[in-house]
Every structure is written in structure tokens, then in C-alpha cells.
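The block underneath contains the structure these notes are about, expressed in C-alpha cells.
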Amino acid sequence: MKPPPKRLSDLKAPAPPMDVYAPPKPRVSRQKPGKVLTAAEKAAFLAARPDLNAGPKK
């Protein structure tokens, strides 16, 4: 007679009981902070990109 099929839960050890709940750490803290442009850098960037007109939105 063929033995019953094994499930993954049968092969893995049971998880240890949790003593203290620790909330997961946010992944955002591992990302690099964004670069903030100075006024001169922003003006130079917008002058190079006329398609990004800073005019009023319609």
C-alpha cells in the first residue's frame, strides 16, 4: 500500500511561540532620502525642460 502524500507543513518544524509582539520595521527607513533641489538647480532644470511649464493648471 502506498503511504499518504507529505504536505509541506509536515516537513517544516512548528513555529516557536512568540513571547513579545514586535511590529515590523518599515522598509521606508532603508531607502535613501530624496535630493531637494536648490532654487538655482530648479530654475536650470525647468529652463532645460520647456514642456514642464510651471504655469497655471487648467
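General observations
- Each residue, T38 and S9, gets one label point 7 Å from its Cα in the Cβ direction; the gap between the two is 6.2 nm.
- Ranking M1, M18 by solvent-accessible area of protein heavy atoms (1.4 Å probe, all protein chains present), from largest to smallest, gives M1, M18.
- For the stretch 13-22, Karplus couplings with θ = phi - 60° (6.51, -1.76, 1.60), whole Hz, Gly/Pro x: 6, x, 5, x, x, 8, 7, 10, 6, 10
- Put D19, D51 in order of accessible area, highest first, and with a 1.4 Å probe you get D19, D51.
The values are calculated or read from the model by the stated rules, or taken from the named source; none is laboratory data. No experiment lies behind these values; they were computed from the predicted model shown. Cβ atoms come from the backbone with ideal geometry, glycine included; neighbour counts cover every protein chain shown. Heads up: the accessible areas ignore ligands, DNA and RNA and are worked out on the full protein's heavy atoms, side chains in. Shrake-Rupley method; radii C 1.70, N 1.55, O 1.52, S 1.80 Å.
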